[in-house]
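Each value in this text was obtained by applying a stated rule to the coordinates, not by laboratory testing. Given the structure is predicted, the values throughout are model-derived calculations rather than measurements. Using ideal geometry, Cβ is built from the backbone for each residue, glycine included, and neighbour counts are taken over all protein chains shown.
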Amino acid sequence: MTQLFDALLAVGIVGVAVAALFANDRFAAVGAFMVMGFLVALSWVRLGAPDVALAEAAIGAGLTGALLLRSARRLRVEPKMCQSRWSVAASGLISIGFAGLLYAAITSVPTVPAYPPLVAERLGESGVSNPVTAVLLNFRAWDTLLEIAVLFVALVLVIVVPVSRVRPAPLGEMVVPFAKVVVPLSVLISGHLLWQGADAPGGAFQAGAVLAGGGLALVLAGAMRLKKPLQGGILRATALSGLAVFGAAAVATAALTGHLLGYPDGQAKIWILGIEAVLTLAIAATLVLLFHGSVRRVPK
Amino acid sequence: MISLPLWLIPAAPLALLILLSLKGARGAVRGLVPFAPVPALLAALADPLPLPITLDWLMLGTQFALTDLAATFLLFTSVLWGLAGWSAMRMLAADPQRDRFAALFLLAMAGNLGLLIAQDIVSFYAFFAMMSLASWGLVLHGGGAAQRRAGLVYVVFAVAGEVALFAGLAFAAHAAGGITLAELRGSDVPTVAAVLIAAGLLVKFGAVPLHLWLPLAHSAAPSPASAVLSGAMLKAGLFGLIVLLPPGLDPTPQAATLLAAMALAGLIVAPVLGLIQGDPKAVLAYSSIGQMSLMALGYAAGLAAPQAWPVIAPALVLLATHHAFSKAALFLGVPVVWTARPGMARAAIIAALLLPALALAGMPGTSGWFAKEALKSGLSAAPAGWAVWSGAALLVGSFGTALLMVRALTLLSATPHKSDIPVDTALPWGAMMAAVIVGLSVSGLQLPAQKPVHVGDILPILAAVLLAFAGSAAFRYGRIAFTPPRPGEILALFQREPAPTPLLALPAPPRSGRALARRPKRRIAARPEQGGLAILTLAAGLALVAFLADAPPPIELGNPSVDVAPK
Amino acid sequence: MTEAYVLALLPFLAAVGAAATPRMAAIWGLCATLINLGASILLAARILSGGDMRADLGDWPAPLGISLVADGLAAVMLSMTAIVATAVALQAMSWGLVQPRGGQQRSRLQAGFWPLWLATLGALNALFLSGDLFNIYVTFEILGLSAVGLTALTGSRNSLRAAFDYLAAGLAGSLVFLLGVALAYAAVGRVDLAAVPALVDTATGRLALGLIFAGLAVKAALFPLHFWMPAAHSSAAPAASAVLSALVVKGALYLALRITIEAGAGIEVLRIALAVLGAAGMLWGSWMALRAERLKLLVAYSTVAQIGLITLAIGVADDPSTSAMWQAAALLMLSHALAKAAMFLAVGRIAEELGHDRISGLNRTDLRPGVAEFAFAIAAVSLIGLPPTAGFIGKWLLIDGLIDRGAWVWIALLLGGTALSAAYLSRVVSRCLRGGPHVAPGARRPEWRTGDVAALGLATTALALGLGSALPLTLLNGTAL
Amino acid sequence: MSTVLDILGTAMMTAGTGFLLMAAFAFWRLPDLLSRLHALTKADTAGVALIVCGAACMTSGIAAVLSLVLCGVLVALSGATTGHLIAQASLEDEERA
């Protein structure tokens, strides 16, 4: 039964991906993409990675989809793309061959990954009991810091690149009551996810994504005016604070223990939670700003 | 006496070059250009010669030393550069581009002086390339169509020569297992390396099929630059041959024959092509080709009979020195002639120029005669077959040179007056003439035994003068019109009328105002799927290749430290 | 390792600062760049005296945590980045980013340039120091994204389009690279660089290496995948072009070199493939540069050619445990970074003075050649590989090694590429060298700007590096293999 | 007790799944936007509510039940809001056209 489900899921993912590629309407393509995101999230659940599933559903499907929809609305209508059959056929053939090669490679050598036992062995020293959080914010915190830097660069790009002209208009009276319910809930849920991240699936990225959902509801309801310098400034400062605080924490740990991102003995959990809390806010603010686009006034 | 540090020789012009970049110091630097080779001159005259030095931190480890041979070359080279620099600074005093000329002049000077004292391959090549490529700017200096064309031809030949020299030196260094010239000479240079090195040097040397750049460059460059091009830089090719590829213990008849053939071709081609030129500087350039061919002949004889090399080498050096002085005097005289209106003054200058001209033609009693005698005695030690025609070749050489000298002086006396050239360009010329005269008086002492003067020694000169008179009479009274050919020999065939376009030029895009009127079309990756397909294909291809590759044998991790840093 | 920490963290913190206070952005940028330069010099000195250094971040040992590794090669790359960074910062201070279109836009560009550029710098530093493949992937993400931003900064239609192509190609390359890293993890169960030698033993591992190289080929704009590059590099602002062409592609080339060094003799086939692609790129780039009508495009195509040359050097280098040929590749990277940055800065100044960058329009009558042209000429000398530049030393080492092997075909290709590079660069240099009648008597000299200092300084550094090439070679020699 | 709740829960979940399938079928078959919206919003909300109730019957513990209820409330809220927004957007499009 489960194997049938998995097979259906795989076929579904590929099918929806093909649909997204060949859809002639942009909105249809984005829709297919979002559906694919959810199916992929489902497949992560099936693979036993609920953290990834959460992140994929929230960011990969939800927020990316929203961004794409917003961009698709702004693009002018282009004549139907005519892909030459030759290149489609060639890509298809090469892709199939490539996939076969990868399959052959993966199945040829049974491997025992070194990480799970290593992580399990040192988990006690990490300060948290969720191995994913331990890897993300302790064992390989440097990676996470750099990923926050990626978000930072994306934010700067959106601020700088002078393409933003249309701003999302408030969607009207129906959204306001919706937001009144959803926003407090999202704050609550994100706080929960953040706290839970220490011992169960959850953490800053998921919490930030949920919080960003609430923020988007506010923006769409017209309650958050990013054109106003104060509100825009606060949001921007919050977004920038992620990298700043994480970097400062790295400096502080280096000063305290002599190891970059090596937390002082016994205080790891406090450090991790503190950093994650700031990151949650920063990620949420960044995602809202990415959706909203440039907050500066474009000169006429 | 305090020993002069050798690095000062190339460093002096380079230091001036750096000073030249300071705006306030430019006037002073212009005045100092003639003195840039003074350390070189002092080093060449020092007794004992300065000590060798090693600079490990410089490039792959640099060594400088001054050998006896190099000292001689350094002597005339430094004098030439100094006087040419003086002349150039006078002649171009009003030129807005004079600072750039001075910079390139100093750079070329540093290269030329440096290569004479370099004792390792890398710095030799570095200085050689510095000299060659900086001279490109000297050739281009006028900026006219002739300069553009000459510059193009020059740089094509120079770069080709550089690449050949680089490849040859790299092979040779590899075979020798080290980068010092001593190691190079001590080892068995592979044939391909020797051929490449020789090709690179012979381009600079002006050996006949590779000489096409020479007349163009000499007539296009400002006269002082021509003087150093012809007097000093051609000799760098000779110096390179002697230093890098000295005739070994065993004769190499094929190489000798080839070189001798090139030399003979040069001796015949130079006067024939030179005579029909309309530009006096081009005529002088062809006479340089002829003289360099004589040196090539001597070198070829050395290759054929290495036992004669100890006799030939000093003769070659003498010949080079003599040619350097005389040719430089002639080239530096050209702007002086331009300053004088036709009349007594000009006649006097031409008469003075007769002295180096006669010396070049080998007039008995002059340095040219001594040099030729020395070469003759060297050649007599060559294999038996050579004696038959080497004498004839020398005779032809003298005759050709004499003819060219007559032609050059005739053309020169008829050139129009140029009022924009300062009269004081005569001063460096006068100094050069003095140097020639001193050279004449000294050169006689160089030979141990005075040789009697044969009638045969004067014969070619007399014949040339008579022929010249007869020829000019025939032209004048036979009313034969003569138009000089376009410069560039074979290359002239590729030249389109009227304005030469550089080989690599593209049609100018239409322009409107200062902005770019038409942007180039965006052709690359016009279709995104093509780029994606390319990435996919390459990824799949590399993956397949890697996947199918055999597993390598287990590697033994030995001692990884590999030492290439200089000791 | 304090210097390494400073190098890895400081640019990011300064980038945040610059983004938060746009008016002070330039000051943040300049200070960070100067400290960065100091730290890289200190690090190089420490490595020279004390040998390689290694730090486990968070005190977690390598397979579990991430290590920063500072050895000779890394030090050379870091110093190269720091030097170019200083020059670029100087140029950007003066500015000149685009033709002035109004103060507001210019200040906005200024404000956007610094955070992006500092993030690029931080990513490069982190990349050169990193000892972990996945970590390197993350640095590539920062690098690619900020490079796209630098391309798009002028906001012109062309540059936006080029930036989009760049983004798409870069993302595709990242995905391929990530796939390779994932397969590497599947093959040996770890992703630190020390695992690379084990990769060559299994088919899966070699496949992973193939994919990693393919991803790097996209990132480095290696020949058939260079399609995004000339447009991106030629349409960006001068300082941004210099960064993109001199530094950003070096990240990928550095990693390719690092992996070939780590993998040793095991990936012969892949290396040959790389060398073939490199040679093809060298010839193709040179040919396109010969035909280019615009100066910036010529320089951009010359980057394609030079990347081909460096890849060729990486590909033909013998087993690094027995031969020092890989040092040639490192030296070539170094000299190319300095010279190409100088060249782009100089071209930016030339275009600024002339109002266009058509090569046929360089024969102008109303403006004399100035410092920028001079810097261009010196950079050209370095790129061609004439002595005494570092490019020459690099080629010398390479040819020496190739002669050892008797690889005549490669030697011929190398020499041919050199001659071609001389040909296309002389198209420009000859126009700058010419004086004479076509320069009007009253022709003005270009104004002196800080940008000139940057270009000239970089060009002379490229020259001086050849003279003092014993220093980088000593550093490289100490690199443990 | 538990068997009763299990049977009840299973029945409710089956019914909910049926509603959702119906909604999907309607989405596929119905001709225009408004009628599709009409079918979708109601059937969807009802289906999800049934499934939530069914699942609540089968779980133990107040926290799980609460979070299930939260899911149901959120789906109902967002379904109603988005349905309204889509209908309004199409109305505006028609007015413009």
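Data for the structure
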| item | result |
| --- | --- |
| Largest-first principal axis extents of the Cα set of region D:2-96 (Å) | 57, 26, 11 |
| DSSP H segments from chain A that extend 20 Å or more along their own axis, Cα-based, with Kyte-Doolittle mean of 1.6 or above | A:2-22, A:141-160, A:204-221, A:268-292 |
| Quotient of Cα Rg and 2.2 N^0.38 Å for region A:1-152, N being how many residues it contains | 1.33 |
| Spacing of the two label points (7 Å from each Cα toward its C-beta) at residue B:19 and residue A:99, in nm | 7.6 |
| Peptide-level mean, for C:57-70, of C-beta atoms on other protein chains within 10 Å | 6 |
| Other-chain or far-sequence residues with amide H under 5 Å of residue C:154's (modelled H) | C:237 |
| Mean Cβ neighbour count within 10 Å, used as a protection proxy, ranking A:282-288, A:232-238 highest first | A:282-288, A:232-238 |
| Assigned charges on the beta-carbon of Lys, Arg, Asp, Glu; region A:114-300 dipole about Cα centre (debye) | 1220 |
| Calculated from backbone phi, Karplus (6.51, -1.76, 1.60) coupling profile of region C:57-63 in Hz, x at Gly/Pro | 5, x, 6, 9, x, 3, x |
| Cα-based shape type of region B:9-246, given that a ≥ b ≥ c are square roots of the gyration tensor eigenvalues and the cut on a/c is 1.5 | oblate |
| Angle between chain D longest axis and helix D:33-58 axis [Cα atoms, degrees, rounded to 10] | 10 |
| Cα Rg over Rh - region A:114-300, Kirkwood | 1.04 |
| Residue-wise HN-Hα coupling along region B:195-201, computed from phi with Karplus coefficients 6.51, -1.76, 1.60 (Hz; x: Gly, Pro) | 4, 5, 4, 4, 4, x, 6 |
| FRET efficiency estimate (nearest 0.05) - Cβ-Cβ, residue B:38 to residue A:237, R0 60 angstrom | 0.35 |
| Globularity index of region A:1-80, i.e. its alpha-carbon radius of gyration over 2.2 N^0.38 Å | 1.21 |
| q = 0.06, 0.07 Å⁻¹: log10 I(q)/I(0) that the Debye formula gives for the protein assembly as shown, counting C-alpha atoms only | -0.64, -0.82 |
| Selection from B:97, A:119, C:420 lying farthest towards where the dipole of the protein assembly as shown points positive, charges on Cβ | B:97 |
| Exercise: per-residue mean of other protein chain Cβ atoms within 10 Å, A:248-258 | 3 |
| Cross-link table B:204/C:296; C:219/C:395; B:204/B:372; B:204/C:395; A:180/A:269, entries beyond 28 Å C-alpha to C-alpha | B:204/C:296; A:180/A:269 |
| Whole-Hz ³J(HN,Hα) from phi, Karplus 6.51 cos²θ - 1.76 cosθ + 1.60, for region C:75-92, glycine and proline x | 5, 4, 5, 5, 5, 4, 4, 5, 5, 4, 4, 4, 5, 5, 5, 4, 4, 5 |
| Convex hull volume per residue in cubic angstrom - Cα atoms of chain C | 125 |
| Listed peptides B:11-24, B:90-103, A:91-104, C:79-92 by packing density, highest first (mean Cβ within 10 Å) | C:79-92, B:90-103, B:11-24, A:91-104 |
| Per-peptide average of other Cβ atoms within 10 Å, ordering B:343-353, A:253-263 highest first | A:253-263, B:343-353 |
| Stokes-Einstein translational diffusion, region B:303-365 - Kirkwood Rh over all Cα pairs, 1.002 mPa s, 20 °C, in µm²/s | 157 |
| Debye intensity ratio in log₁₀ form over the Cα atoms of region C:1-84, taken at each q of 0.16, 0.27 Å⁻¹ | -0.66, -1.21 |
| Average beta carbon contacts from partner chains per residue of D:75-86, 10 Å cutoff | 3 |
